[in-house]
Amino acid sequence: MNENFDLQNYLIEGVEGVVKEAIKATLKNPRESAFMLKFAKATRTASKKRREAEDKGEHIPPFLIASITSKCNLHCAGCYSRCNHATTDTKPVSQLTSEEWLKIFDEADELGISFILLAGGEPMLRRDIIEAAGKKQNILFPIFTNGTFIDEKYFALFDKCRNLVPIMSIEGSKEITDNRRGKGIYDKLIANMEEFRKRGLIFGASVTVTTQNYKEVTSDEFLNSLSDRGCKAVIFVEYVPVTEESSELAPSDTEREYLMNEIQRLREERPEMVYIAFPGDEKSSGGCVAAGRGFFHINSHGGAEPCPFSPYSDVNIRNSSLREAMHSPLFMALQSGDMLLDDHNGGCVLYEKRELVESIIAQSAT
């Protein structure tokens, strides 16, 4: 395993590599090629903004995670978001509007944030916000989706707005995927991938890595099935045990070592796709990159949180600017302390040390 791995550079260079490949592949499509060239220029401009801010003593993370809804149509086994009550079946109330999210996207663009990951719940339920994101052509929006709401209107939107990149959740084989996500989900995902391939649209896949699938999802057979259908990125997320009953799904140290060794091999042998692992890449790149080190999270109600797995906030974006939220007392305390550098057993150091996070918030409130 590479102990000197630079996650942020890999992510940025990986996305830029996908963009360059897309430019080559779409030279016969002047509209798409023009967008890719424009976006490549925009990422360079954003990087310059972040460097200039760094020179002045202000750190701007290149990534933002935005959970744009708390509603989801699936009940995936062991879902951390439902266990944390961030995703519910009740009618969402007091969630940010598309206008409020567009304001956030505008501020992010001005600060030099190049990538905003749209999540949920199921983000495809908020077509209004995804359409608003499509207007921000300087920002790439990976959309973490279960894939069940991708229809002809969405395919048309993705064709028109090439900065919207679906990242569909798949767990490996049909049996494992359907067991965790529901009957028929795997077939829907494969049908989506085939349609993306036919239309020449970029997409990625996200995989929740558990003790049950860690070998399968790093196998050449599984990755061939993704690559052959045009997948450009695979994001491996170690399962976060949010209940005692689900702790057996969290990979052990031995299984995590296997995963990271395989990912290093894939980066060397299969560069046609980008491979990202959380938290494995964080550990080898100097600790957790949440709380503004590399990214932070805004929940569907506007709370600025260290990350989706650590649903704690001391500031709401409705009452502050994006810049102010990035410098909240909680974020500053986490960045200046040693907690983000600590080793941990589960998939998230902040979730494991949630009592300490709560005490920081309590102290800042007094």
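Each Cα pair under 8 Å and six or more residues apart adds its separation to the average, and for region 61-145 the resulting relative contact order is 42 percent.
The alpha carbons of region 116-183 occupy a box of 38, 23, 18 Å along the principal axes, longest dimension given first. Projection of the Cα convex hull of region 161-258, averaged over all directions and equal to a quarter of that hull's surface, yields 7.0 nm². Please tell me which of these pairs span more than 18 angstrom C-alpha to C-alpha: LYS103/LYS136; LYS38/LYS135; LYS71/LYS91; LYS103/LYS153; LYS153/LYS198? In this structure, LYS103/LYS153 lie more than 18 Å apart at Cα.
The modelled label-to-label distance between ASP178 and GLU216, using points 7 Å beyond Cα along the C-beta direction, is 1.2 nm.
The solvent-accessible area of LYS48, taken with every protein chain present and a 1.4 Å probe, is close to 110 Å². When the Cα centres of region 139-190 and region 40-110 are compared, how far apart do they sit, in Å? Spelled out, the Cα-based centre of one part sits 19 Å from the other.
Projected label points at SER252 and GLU194, each 7 Å from Cα along the beta carbon direction, are separated by 4.0 nanometres.
Residue-wise HN-Hα couplings along region 83-89, as the Karplus relation 6.51 cos²θ - 1.76 cosθ + 1.60 with θ = phi - 60° gives them from phi, are 5, 8, 6, 7, 10, 9, 9 Hz; Gly and Pro carry x. The P(r) of region 69-215 has a tail past 25 Å containing 31 percent of all C-alpha pairs.
The values are calculated or read from the model by the stated rules, or taken from the named source; none is laboratory data. Keep in mind it's a predicted model, so treat the numbers as computed, not measured. Note: ideal-geometry Cβ built from the backbone for every residue, glycine included; neighbour counts use all protein chains shown. Surface accessibility is based on the protein's heavy atoms, side chains included, excluding ligands, DNA and RNA. Shrake-Rupley method; radii C 1.70, N 1.55, O 1.52, S 1.80 Å.
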